[in-house]
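Data first, discussion second: the structure below is written as structure tokens.
The values are calculated or read from the model by the stated rules, or taken from the named source; none is laboratory data. Small disclaimer: the values here were computed from a predicted structure and weren't measured. Methodologically, a virtual Cβ is constructed for each residue, glycine included, from the backbone with ideal geometry; neighbour enumeration extends over all protein chains shown.
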Amino acid sequence: MKKIAFFALLGTLALGACDKNNNIVLFSVQNDKDLGAQVAAEIEANPTEYPILSESEYPEAYQYIRNMTNTILNSGQVQYKDEFAWEVKIINDDEVLNAFCTPGGYIYVYTGLIKYLDKADDLAGVMGHEIAHADLRHTSRNLQKQYGVNVLLSIILGENSSQLATIAGQIAGTGAALAFTRDFEREADDNSVVYLAGTNYACNGAAYFFQKLIDSGQAGGTPQFLSTHPNPDNRVEDINAKADEEGCDKTPITPDTYQDFKNMLPQ
């Protein structure tokens, strides 16, 4: 039976079966969810490296960032809105300008990034970018290139369950498979615009972050989560061009309670 299933999967791939974004992805949605849950468990078990802010101690901060996340998810443009977990955690480290999202929609945002940004639109742009990486299934598409068809099919067929745990450990430990290509970064930037176009946030919100890096002379130190490529100057230009192409509103949201949100965090 396993051989039949193996060849059926190969046949499906050969016929060009696509996911909701018209990409050929061997991993199923359930595989994405399982992998994301395992990565989340690895992160939860490592409070030294990932000091997650307690929700019971900072409920208002979590309510704010979850309201923002839900607003983006309800834009009508997130393909896997109903399938993925879309859980948000705040990592308490002011020295790190970072955010990342695992397969299956487990989102992590560092306090350093939150405090660095100036407006709600800025963070919404970053959140849209991270949601896009999961929604476009970039990690699963990376894994296809990194591990090849045979390894992934063995996981899908249940013949190599330990490999999924190994991959989860690598993602949680080194960020492997969360480093994306130039094309994937552009896709995430573009989709951030598309998502925010369906909200009250400025649809080019992600551009503000890159512009601040440029203005402060930190463009050469772009955080890993947004990659060192394409160049920040180009990304500001491309994000704004995408906003113009979509004809969406670039006006910052009002009233902006972002400073109140920052004040909710450990000082």
TODO: Tell me, please, whether a residue that is out of contact with any strand residue (DSSP E or B) (no Cβ under 9 Å at 6 or more places or on another chain) and assigned to a loop (DSSP other than H, G, I, E, B) can be found in the stretch 27-44.
DONE: yes
Task: Cβ-Cβ under 6 Å pairs, at least 6 apart or on other chains, the stretch 233-253 side under 14 Å from His129 (Cα atoms) and modelled with pLDDT of 95 or more, far side not hydrophobic (A, V, I, L, M, F, W, C) and not in a loop (DSSP other than H, G, I, E, B) - done: Ile239/Asp189; Lys242/Asp190
Task: Test: Thr102 is within 22 Å of Asn22 (Cβ to Cβ), touching a residue at least 60 places away in the same chain (Cβ under 8 Å) and hydroxyl-bearing (Ser, Thr, Tyr) - done: no
Task: Of the criteria (1) more than 15 Å from the chain's Cα centre (by Cα); (2) modelled with pLDDT of 95 or more, which one Val151 fails - done: (2)
Open item on the list: So, Ile107, is that one crowded, with 20+ Cβ neighbours inside 10 Å and either in contact (Cβ under 8 Å) with a residue 40 or more places away in the chain or closer than 19 Å to Thr257 by Cβ (or both) or not?
Closed with: no
Task: Residues being without any contact (Cβ under 8 Å) to a residue 40 or more places away in the chain and surrounded by fewer than 15 Cβ atoms within 10 Å (Cβ to Cβ) - total across the stretch 42-73 - done: 13
Open item on the list: Here is a check on your reading of the model: is Phe261 crowded, with 17+ Cβ neighbours inside 10 Å and modelled with pLDDT of 95 or more?
Closed with: yes
